[in-house]
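K.L.:
Encoded as structure tokens, here's the structure I'll be asking about.
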Amino acid sequence: GIQVEQSPPDLILQEGANSTLRCNFSDSVNNLQWFHQNPWGQLINLFYIPSGTKQNGRLSATTVATERYSLLYISSSQTTDSGVYFCAVSNSNSGYALNFGKGTSLLVTP
Amino acid sequence: IAGITQAPTSQILAAGRRMTLRCTQDMRHNAMYWYRQDLGLGLRLIHYSNTAGTTGKGEVPDGYSVSRANTDDFPLTLASAVPSQTSVYFCASSEGQGYGYTFGSGTRLTVV
């Protein structure tokens, strides 16, 4: 299957700081999604972004499919941004099913 | 509220017992999935179904079975539970390729 590597594995930020999370993948993809898992375990879909750039409030994401990476930007971080951020991908070989990276664990301190 | 319902929320199960985790969605999504989440390993796909009546194996299917008799329900069965199946199980759905996933709230299963 497609290998997904996320970096950094852990990140601690002070409230108000900006951050960039990276996702590298080993094959071409036609589906890439970013998820946030909050401290209560709930998984929320942030972006569906197999290519290009999208923005949603303080979050934005860019996928450069030809170079096999995606970036998630968090600006003016808040304590509620804490949790684990997952990147997940799939291609025609894997059908619809997403293959997840191991995540970036983010802690935003007051 | 539209979404995915998983049951039970948590369960302690004796090894060797049979257990079915329930997953129901009301969004009429074609595709459904079961993942397990273990510390340090992220989410790993157990089984999936691209449409009602079809199922497929994921990365870690051994010891699990699924069925997809209709669009809404996608139960996951552990025929004879073992301690290594202790995990948090997530059900998800999507309209299909090219659409985002919606996840349920998860089932925390402990096999003792």
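The values are calculated or read from the model by the stated rules, or taken from the named source; none is laboratory data. Note that the structure is predicted; figures quoted are calculated from it, not measured. Every residue, glycine among them, receives a Cβ derived from its backbone with ideal geometry; neighbour counts consider all protein chains shown. These area figures cover heavy atoms from the full protein model, side chains too; ligands, DNA and RNA do not enter into them. Shrake-Rupley method; radii C 1.70, N 1.55, O 1.52, S 1.80 Å.
K.L.:
Leaving out ligands and nucleic acids, and using a 1.4 Å probe, what accessible area per residue does chain B come to in Å²? Don't jump to the answer; show the numbers that get you there.
P.N.:
Values: 5220 Å² over 112 residues.
Counting only protein heavy atoms, the per-residue value for chain B is 47 Å².
K.L.:
Using modelled backbone amide H atoms (1.01 Å from N, in-plane), which distant-in-sequence or interchain residues come within less than 5 Å of B:His47's amide H?
P.N.:
B:Trp34, B:Gly58
K.L.:
Next question. Once a ≥ b ≥ c are taken as the square roots of the eigenvalues of the Cα gyration tensor of the stretch B:1-56, is the result rounded (a/c under 1.5), prolate (a/b larger than b/c) or oblate (a/b not larger than b/c)?
P.N.:
Values: a/c = 1.63, a/b = 1.43, b/c = 1.14.
Prolate, since a/c reaches 1.5 and a/b exceeds b/c.
K.L.:
Turning to a different aspect of this structure: Take the alpha-carbon positions of the stretch B:4-107, form their convex hull, and give its projected area averaged over all directions (one quarter of the hull surface) in nm². All intermediate terms of the calculation are to be shown ahead of the outcome.
P.N.:
Working: hull surface 24.4 nm².
The orientation-averaged projected area of the Cα hull of the stretch B:4-107 comes to 6.1 nm².
K.L.:
Does chain A classify as rounded, prolate or oblate by the C-alpha gyration tensor (a ≥ b ≥ c root eigenvalues; a/c under 1.5 gives rounded; else a/b over b/c gives prolate, otherwise oblate)? Mind dumping the intermediate values first?
P.N.:
Working: a/c = 2.04, a/b = 1.73, b/c = 1.18.
It comes out prolate by the Cα gyration axes.
K.L.:
Now, a different point. If contacts are Cα pairs under 8 angstrom and at least 6 residues apart, what is the relative contact order of chain B in percent? Could you put the intermediate results ahead of the total?
P.N.:
Details: 300 pairs, mean separation 40.2, N = 112.
Relative contact order for chain B comes out at 36 percent.
K.L.:
If you don't mind, another one. Ordered by residue, what ³J(HN,Hα) values in Hz, to whole numbers, does the stretch A:96-102 give under the Karplus form 6.51 cos²θ - 1.76 cosθ + 1.60, where θ = phi - 60° and Gly and Pro are x?
P.N.:
In residue order, the calculated couplings are 7, 6, 7, 10, 9, x, 7 Hz.
K.L.:
Between A:Thr79 and A:Asn56, take the C-beta separation as r, use R0 = 22 Å, and let me know the FRET efficiency to the nearest 0.05. Can you show the working numbers first?
P.N.:
Values: r = 19 Å, r/R0 = 0.85.
Step by step, r from the Cβ atoms, then E = 0.75.
K.L.:
When the accessible area of chain B is split by element with a 1.4 Å probe, what percent falls to carbon and sulfur?
P.N.:
Values: 2590 of 5220 Å².
The C+S portion of the solvent-accessible surface of chain B is 50 percent.
K.L.:
Anything losing 20 Å² or more of accessible area from the isolated chain to the full protein assembly: pick those residues out of the stretch A:69-97, probe 1.4 Å, ligands and DNA/RNA ignored.
P.N.:
Correct list: A:Phe86, A:Tyr96, A:Ala97.
K.L.:
A further question follows. Modelled label-to-label distance, A:Ser92 and A:Asn24, 7 Å Cα→beta-carbon offset: nm?
P.N.:
2.7 nm
K.L.:
Further question: Taking every residue in A:29-36, how many Cβ atoms of other protein chains lie within 10 Å of its Cβ, on average? Don't jump to the answer; show the numbers that get you there.
P.N.:
On the way: counts 0, 2, 6, 0, 4, 1, 5, 0.
Mean shielding count: 2.
K.L.:
Can you list, largest first and rounded to whole Å, the semi-axes you get for the protein assembly as shown by taking the square root of 5 times each eigenvalue of its Cα gyration tensor?
P.N.:
Numbers: eigenvalues 170, 82, 48 Å².
Listed largest to smallest, the semi-axes of the protein assembly as shown are 29, 20, 16 Å.
K.L.:
Follow-up. Based on the alpha-carbon gyration tensor of the stretch A:36-98 and its eigenvalue square roots a ≥ b ≥ c, which shape applies: rounded if a/c is under 1.5, prolate if not and a/b is larger than b/c, or oblate?
P.N.:
oblate
K.L.:
With a 1.4 Å probe, what is the total accessible area buried between chains B and A, in Å² rounded to the nearest 100? Before the final figure, lay out each step's value.
P.N.:
Numbers: alone 6010 and 6020 Å², together 10450 Å².
Accessible area lost upon association: around 1600 Å².
K.L.:
Please calculate how many Å² of accessible area chain A carries per residue, with a 1.4 Å probe and no DNA, RNA or ligand atoms counted. Mind dumping the intermediate values first?
P.N.:
On the way: 5230 Å² over 110 residues.
Ligands and nucleic acids excluded, the result is 48 Å² per residue.
K.L.:
Another question, if that's okay. Exactly which trypsin sites (Lys or Arg not before Pro) in the stretch A:32-110 are in a DSSP loop and have at most 15 other Cβ atoms within 10 Å? Don't jump to the answer; show the numbers that get you there.
P.N.:
Numbers: sites: A:Lys54, A:Arg58, A:Arg68, A:Lys102; in loops: A:Arg58, A:Arg68, A:Lys102.
Loop-located and lightly packed - A:Arg58.
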